[in-house]
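The values are calculated or read from the model by the stated rules, or taken from the named source; none is laboratory data. Everything numeric in this text was worked out from a predicted model, so none of it was measured. Every residue, glycine among them, receives a Cβ derived from its backbone with ideal geometry; neighbour counts consider all protein chains shown.
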Amino acid sequence: MTAKLLDGKRIAAEIRDEVAEQVRQFVQAGGPTPCLVAVLVGEDPASQVYVRNKSRACEKSGIEGRTMRLPASTTQDELVDVVRGLNQDDSVHGILVQLPLPADGNGGSGFDERSILDTVDPRKDVDAFSPVNVGLLMQGRPRFLPCTPHGIVQMLHREKISVAGKHVVVIGRSDIVGKPMAMMLAQRDGSCGRDVANATVTIAHSRTANLAQLCRGADVLIAAVGVPEMISGDMVGDGAVVIDVGINRVEDGQGGYKLVGDVNFEQARGKASAITPVPGGVGPLTIAMLLHNTLLAAKGIHAKA
Ligand code: NDP
């Protein structure tokens, strides 16, 4: 079997066009131009690229994308004050604090990431990291859906891949990907209807016994691990749908680097019925859903103004 390629780039472009059209209609109807502010602390090159990409994607969708650059020497209290200022600023609808924060920040002792994220006004929390938004998701009445799992849900929906009644194995239990992913697929009513909900979900992690056997039993396998190509072909069941969230930079053997996922793509594509490539799979969807959330935030704030 050769798997169908799930083209995240194409689906993300489709979603971005839809968001752009909705932004146009919102502004035409008297709404403010949605505005996302990315707070970037320090000089991490990968974070700089991510923030630049987010800001460009905003502009293309008619959303104002601002970047607030702060030196790594910024203290915890200063950063909290910056976030509080953005909470108060009526022209700002979405706030994202780019992670990871520099390990040597806050005068060398590092930041308390959790308390900074907790400071973000839940109405502007477009990453959906605040305890309020996590709680609402858990209860099946989300305000914002976290961007990467929501992108995956959109991909499954648009590719007409139902998970209802199926066994989904999510490898990884991070607050950003694994946990919310599992929660979203196990809900009674999903954001795209019952087809992308009602799954029987198993969450696997580094302490899971018999991981290979567990994975082989999955109808849908979602890898969010951060270990290059650790999911080999023999861990994929015949006809499974494989979603590879991993983005890992590895040496390409020619003195340069390349990006690979958590799944051994060449091996897995011979077993799977459908599979996401890396790059070009889940990655582009994350930004598309961030734009979606920024528009949602602007609409929510405008409606209550
Ligand atoms: P984390 O490091 O926060 O979590 C990784 C998870 O994988 C942990 O739960 C960990 O288990 C588990 N794990 C690690 N090693 C193993 C193993 N050998 N066997 C089974 N489980 C294991 O990562 P993230 O969730 O933030 O990210 C995961 C990957 O997804 C990364 O490559 C990241 O770059 C990528 N990513 C991609 C995005 C996109 O837009 N496409 C967005 C976000 C992330 P334990 O909890 O026991 O330590």
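Numbers for the structure displayed
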quantity	calculated
Criterion violated by ASP77 - all others in (1) surrounded by 13 or more Cβ atoms within 10 Å (Cβ to Cβ); (2) in a helix (DSSP H, G or I) satisfied	(1)
Selection status of GLY226, surrounded by fewer than 16 Cβ atoms within 10 Å (Cβ to Cβ) and within 14 Å of the ligand (Cβ to nearest atom)	yes
Single residue of region 177-188 satisfying the filter (within 11 Å of the ligand (Cβ to nearest atom) and surrounded by 24 or more Cβ atoms within 10 Å (Cβ to Cβ)) that is farthest from ASP244 (Cα to Cα)	PRO180
Residue within region 102-110 that is within 21 Å of the chain's Cα centre (by Cα) and within 24 Å of LYS299 (Cβ to Cβ) present	no
Members of region 106-146 found to be surrounded by 17 or more Cβ atoms within 10 Å (Cβ to Cβ) and of a type in the set (Lys, Arg), listed by number	ARG123, LYS124, ARG143
Leading residue by the ranking (farthest from ILE152 (Cα to Cα)) among those in region 249-282 that are polar (S, T, N, Q) and assigned to a loop (DSSP other than H, G, I, E, B)	GLN254
Residue in region 83-97 that is under 20 Å from the mean Cα position of the chain (by Cα) and farther than 24 Å from VAL27 by Cβ present	yes
Flag if LEU295 is assigned to a helix (DSSP H, G or I) and either within 14 Å of the ligand (Cβ to nearest atom) or hydroxyl-bearing (Ser, Thr, Tyr) (or both)	no
Within region 87-129, tally of residues that are under 21 Å from LYS54 (Cβ atoms), modelled with pLDDT under 95 and either hydroxyl-bearing (Ser, Thr, Tyr) or in contact with a Pro (Cβ under 6 Å, 6 or more places away or on another chain) (or both)	0
Verdict on LEU285 being in a helix (DSSP H, G or I) and farther than 18 Å from MET181 by Cβ	no
Region 160-176 - residue that is buried (at least 17 other Cβ atoms within 10 Å of the Cβ), away from the ligand (no atom under 16 Å from the Cβ) and not polar (S, T, N, Q) and, of those, nearest to ARG194 (Cα to Cα)	VAL163
